[in-house]
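The values are calculated or read from the model by the stated rules, or taken from the named source; none is laboratory data. As the structure is a prediction and not an experimental result, all values here were calculated from the model. Because the Cβ atoms are built from the backbone with ideal geometry, glycine has one as well, and the counts that use them run over all protein chains shown.
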Amino acid sequence: MLTAYEAANAAVPAADARWRIEHFGHFLVRDPARTPERLARLRRLGGIPSPQIAFLWRLTDTNIREPDVDFFALHTLIDAGFHPAGGVDTIGTQNFATYPMFSIQRAVHRDSKFGSIVQPGQAISVIEAIRMFTIWAAEANFLERDFGSIEVGKIADLVVLGADPRAVPASQLAAIPVDMTILDGKLAFERRRP
């Protein structure tokens with residue numbers, strides 16, 4: 001993939017190409033001879049890893065014992081200067097996984113459906129995980145001027161959560177409900193309270 005992007009960039013140079021690799025980061029092989037250089041090549045290209053962190057939930061205890069592999073190495077990527085773009089996927093037919101807080105919990109708590117905590121050293125902060133699904137996702141799509149953060153002049157697409165994700169235990173992030181959704185400055189959803 002990197003070789004193809006480098007060739008495309010050489011053929012038609014683009015100052016701000018934002019080459020993306022979708023589902024990037026399912027695993028990074030611990031290869032001290034090649035992995036750092038591959039990440040450096042991606043940085044030189046201005047590349048953007050776009051991991052689907054929700055898939056960490058499906059890793060079995062057999063998967064996570066695979067030697068010399070870092071699964072969804074978000075901490076490594078952020079430390080290397082990347083802004084990984086958050087995205088959601090259904091993990092097949094499991095529609096609950098499309099809720100961004102489900103993925104944010106995986107990024108912060110690193111828990112699988114089998115109860116294992118997968119490589120906690122690759123966990124990131126709640127704020128970093130929120131950035132993945134807001135400003136960094138907007139940057140990956142050339143939309144940061146209009147979306148991704150709450151600022152004057154931007155399109156007012158936002159949610160109001162039922163709890164502060166910074167104050168909730170990491171194991172409960174996916175349980176935070178959405179109280180309100182605003183699209184383009186207009187109320188689109190408001191949760192009924194009992």
Return a yes/no flag: does the range 116-133 have any residue that is at pLDDT 90 or above, closer than 15 Å to residue 22 by Cα and surrounded by 20 or more Cβ atoms within 10 Å (Cβ to Cβ). yes
I'm trying to understand the selection: among the residues of the range 161-171, which are surrounded by 13 or more Cβ atoms within 10 Å (Cβ to Cβ) and in contact (Cβ under 8 Å) with a residue 12 or more places away in the chain? 161, 162, 163, 165, 170
Among the residues that make up the range 89-98, is at least one of them of a type in the set (Phe, Trp, Tyr), over 30 Å from residue 46 (Cβ atoms) and modelled with pLDDT under 95? yes
Residue by residue through the range 42-77, note down the ones that are surrounded by fewer than 14 Cβ atoms within 10 Å (Cβ to Cβ) and either in contact with a helix residue (DSSP H, G or I) (Cβ under 9 Å, 6 or more places away or on another chain) or hydrophobic (A, V, I, L, M, F, W, C) (or both). 44
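Per-residue answers, yes or no, for (1) under 17 Å from residue 83 (Cα atoms); (2) not polar (S, T, N, Q):
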| site | (1), (2) |
| --- | --- |
| 12 | no, yes |
| 21 | yes, yes |
| 28 | yes, yes |
| 36 | yes, yes |
| 42 | yes, yes |
| 59 | no, yes |
| 62 | no, no |
Inside the range 2-22, the number of residues satisfying the requirement of being loosely packed, with under 13 Cβ neighbours inside 10 Å and part of a loop (DSSP other than H, G, I, E, B) is 5
